[in-house]
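Coordinate-derived values only; no laboratory data. The structure displayed is predicted, hence computed values, not measured ones. Ideal geometry is used to build each Cβ from the backbone, glycine not excepted, and the neighbour counts take in all protein chains shown.
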């Protein structure tokens, strides 16, 4: 009886170790490196797609700047706005330097965005100006500021759903070294808050968004292509594409 009990105990122990092996392997599987994206959103467009999220990925807008104007723009503001041809997002190594953005066109966008912000602050009515981290209230008609969205049905109108977070919340979350989790695969985008959908607004919002991957490495890689012929769209002139390995 003792020998039989020992055999049963040993068999059960081996079965337990065998059953737990996939779990241990999953826990120690290598994760992709975290990513930082630089995004630029001219506010006459509704939004910009930034990154693809997988379940349990953690994301937060680390920093943001810029101003939107919802009043009657000056001729100078309109000219600068016209020169911001598209929204875009691309990977960077750090928030301080952009070795990936050495193209003349990308550097030009940064210069135009800064000039547009200065012009709006200099000549516009402050009652209709909204910073990127503006906290909307009933007093201003819930107008202005930017928010992230990972897949709600009404992306262009902020409705305080679980998938949407205003940028002022992101920045408070980032200061606490926390971030939001994605529950299902989604395209993460940043949008201008404007319940009326006023496309005559002017200005530009821009910033840096951090993604921390909580899943094993996925075969293939995401690459960024420059498309100079692209028109005004949420994808802009930078096109994110998924490249599979030749063996797949």
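If the segment from residue 33 to residue 200 were pulled out straight at 0.36 nm per residue, it would be longer than the present Cα-Cα gap by 56.2 nm. Approximating the spin labels as points 7 Å out from Cα along Cα→Cβ, the residue 121-to-residue 214 distance works out to 3.7 nm. With a Förster radius of 22 Å applied to the beta-carbon distance between residue 187 and residue 160, the computed FRET efficiency rounds to 0.65. Note on residue 139 and residue 107: their simple-model spin labels are 4.3 nm apart, each label 7 Å out from Cα toward Cβ.
Here the spin labels are modelled as points 7 Å beyond Cα on the Cα-Cβ line, and at residue 153 and residue 75 they lie 4.7 nm apart.
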